[in-house]
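To start, the structure under review is shown below, and the notes come after it.
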Amino acid sequence: MKITNKYILLVLFVFASSITAFAQTAKYKCMLQMTNYQGLEAYVVVSLIDPKGNYEETLYMMGPDKQWYNGFKEWDKFNKKKKEKLNGITGASIAAGNRSLTTFNLDESKLDKGYKLRFESAVEDKDYFVTDVEIPLTTAGITQKTDGNGYIRYVKLTKAN
C-alpha cells in the first residue's frame, strides 16, 4: 500500500475516533437547592467518581477563591495529585436557601458502568460533607431528584438539548 493511502486511512481513523468520543459527551443542566443552614456561602465541588470510589475528574466547582479549596479534604488530595485546571468550570459559591443552575459535560460512555457523581459541600468554620449528594451514573438514576445529607437540600439533573 502506498504511503499516501496509509496516511489517508490514518487520518480517517483519527477523525472517526474523535467523532465517537465527541458523540459520547452530553451537556447536563444541574439544579441545586440549598438548605436553610446558618453560615456563610457554601462551596460545592462536583466530581466524577469511578466504580472503585476514586476521583476521576472535577466537573464543576461552585466557589471562585482557590484559597478555600483545601477545605474539601478528600477532593483536595486528588486535585493536588492530578493538578486539574479549573478555569472554565468554576462559578459562584451559593448561599443558604438559594438555588443554583449550572451546566456541565458528562461522558455518557460511563453510564451504567458503576460511576457516580459526587457533590461535596463546605462552609467556612462549619462542617464538611464529603458525600452531601451522590448520584449513580445510570440511565435511570441520572435524572432523578436526589436529596442531600448536609448543606444541599437536593440536586436534579436534566439533559440539555
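Ranked by the mean number of other Cβ atoms within 10 Å of their residues, highest first, the peptides 25-36, 144-155 come out as 144-155, 25-36.
Calculated on the alpha-carbon coordinates, the convex hull of the range 26-159 measures out at 95 cubic angstrom per residue.
The GluC sites (Glu not before Pro) of the range 57-161 that DSSP puts in a loop, and whose beta carbon has at most 15 other beta carbons within 10 Å, are GLU84, GLU124. Net charge in the neighbourhood of ALA42 (other residues with Cβ under 11 Å of its Cβ; Lys, Arg +1, Asp, Glu -1) is -4. Counted by Cβ distance under 12 Å from LEU101, the other residues give a net charge of +3, where Lys and Arg count +1 and Asp and Glu count -1.
Here the simple spin-label model places points 7 Å from the Cα toward Cβ, and for LYS113 and ASN98 these points are separated by 3.6 nm. Using θ = phi - 60° and the Karplus curve 6.51 cos²θ - 1.76 cosθ + 1.60, what whole-Hz ³J(HN,Hα) does each residue of the range 126-139 get, with Gly and Pro shown as x? Here the 3J(HN,Hα) series is 10, 6, 10, 10, 5, 10, 4, 9, 10, 10, x, 7, 10, 4 Hz. Within the shell of other residues whose beta carbon sits under 11 angstrom from the beta carbon of LYS27, the net charge comes to +1, with Lys and Arg scored +1 and Asp and Glu -1.
Quick note: the coordinates plus some simple rules give every number you see, no bench work behind them. Predicted, not measured: the structure shown is a model, and the values here were computed from it. With ideal geometry, Cβ positions are generated from the backbone for all residues, glycine too; neighbour counts draw on all protein chains shown.
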